[in-house]
Amino acid sequence: MSVGAESVARNSTKSNLKPGESAAKVGDLRNPHADGAKRGRADSFTGGAACHHRTSGAHIRDAMASVMLDNEQGHTPASSRNEARQMIRILGISGSLRAQSYNTALLRAAQSEADAQIRLDIATLHGIPLYDADLEAREGLPAAVVALREQVMASDGLILATPEYNNGIPGVFKNAIDWLSRPANDIPAVFGNRPVAVLGASAGGFGTVLAQNDWLPVLKTLGTRHYSGGRLLVARAGQVFDAQGELTDAGMRTRLKEFVGGFAAFVEGLRAG
Ligand code: FNR
């Protein structure tokens, strides 16, 4: 199993991407998909050897240097080319800021249940301010948003772990996705055709079913490829996680493994097609 370090978006008031700047400009350095290249090939840049605790931008830059070195030497070993092709990079985004969040814990359990060719990193939403069009006009995207955006763009697919508040999407989570949809011209580069799965855990008896349904029009608007091959609703989360956030329910672990495996196969199918 390949376990990614949980990465927390950094807090900052400084912006890196100004209104009107597009992914093509920033992405020339950071995003292999920015030129419209087919999504899902990031690993041909990373060579599957990226360090998990740095930003994706850093490892893509390092990996590009390594690819250039291979080219200078005139070859890339066949074994590493195959490894790179098979690796599936999934970014799990937890929609809860809570330290003891069931949804973050669910993503951690997903990491430990994921098969060897799946690299599942976890992003949280710490440091992302409330969306403010005046702030965007003045300073561009906040650094925490840019960091998350880079992680999204370096992934082959996303898993959104959504809490449910008042039978809908929590504002914190929707706010982060709204930031990621700016500037609007970049939506195709950030979200377009990107495979996305939604799962969630709640204290109540319905396991985030209403919040999960609420994501559907949002994801459709952003042009993602929604995974509908399975559903994972973790109800009465207090009974399936222990005090340390360990998913102790064996049946739920099995269902989680099947869900992640099904989503990875979906991602792979889109890549191949
Ligand atoms: C909740 N909770 C909740 N649970 C649920 O099943 N359906 C709901 O509609 C709501 N609504 C709701 C509103 C607000 C404002 C809060 C703070 C909480 C309870 C929720 O499931 C619980 O707090 C989870 O622990 C939230 O997920 P994390 O933070 O553990 O990931």
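Overall shape: oblate for the range 118-195, with the ratio a/c of the largest to smallest alpha carbon gyration tensor axis at 1.5 or above and b/c at least equal to a/b. Cα centroids of the range 123-165 and the range 202-273: 20 Å apart.
Give me the percent of DSSP beta bridges within the range 156-273 that run antiparallel, rounded to the nearest 5.
Of those bridges, close to 20 percent are antiparallel.
Highest mean packing first, where packing is the average number of other Cβ atoms within 10 Å per residue, the peptides 122-134, 105-117, 188-200 line up as 188-200, 105-117, 122-134.
Taking other C-beta atoms within 10 angstrom as a stand-in for reagent exposure, Leu222, Leu180 fall in the order Leu222, Leu180, fewest first.
In sequence order, the range 145-162 has phi-based couplings of 6, 4, 4, 5, 4, 5, 5, 4, 6, 8, 8, 8, x, 10, 10, 8, 9, 9 Hz under the Karplus curve 6.51 cos²θ - 1.76 cosθ + 1.60, θ = phi - 60°, and Gly or Pro positions carry x.
Put in order of Cβ neighbour count within 10 Å, fewest first, the listed residues Arg138, Arg149 become Arg138, Arg149. Within the shell defined by Cβ-Cβ distances under 11 Å, the residues around Ala133 carry a net charge of -2, with Lys and Arg each +1 and Asp and Glu each -1.
Of Thr224, Thr162, how do they rank once you tally other Cβ atoms within 10 Å and put the fewest first?
Listing Thr224, Thr162 from fewest to most nearby Cβ atoms yields Thr224, Thr162.
A short reminder: the numbers here are calculations on the coordinates, not readings from a lab. Computed from a predicted structure; not experimentally measured. Cβ coordinates were reconstructed from backbone atoms using ideal geometry, including for glycine residues, and neighbour counts include every protein chain displayed.
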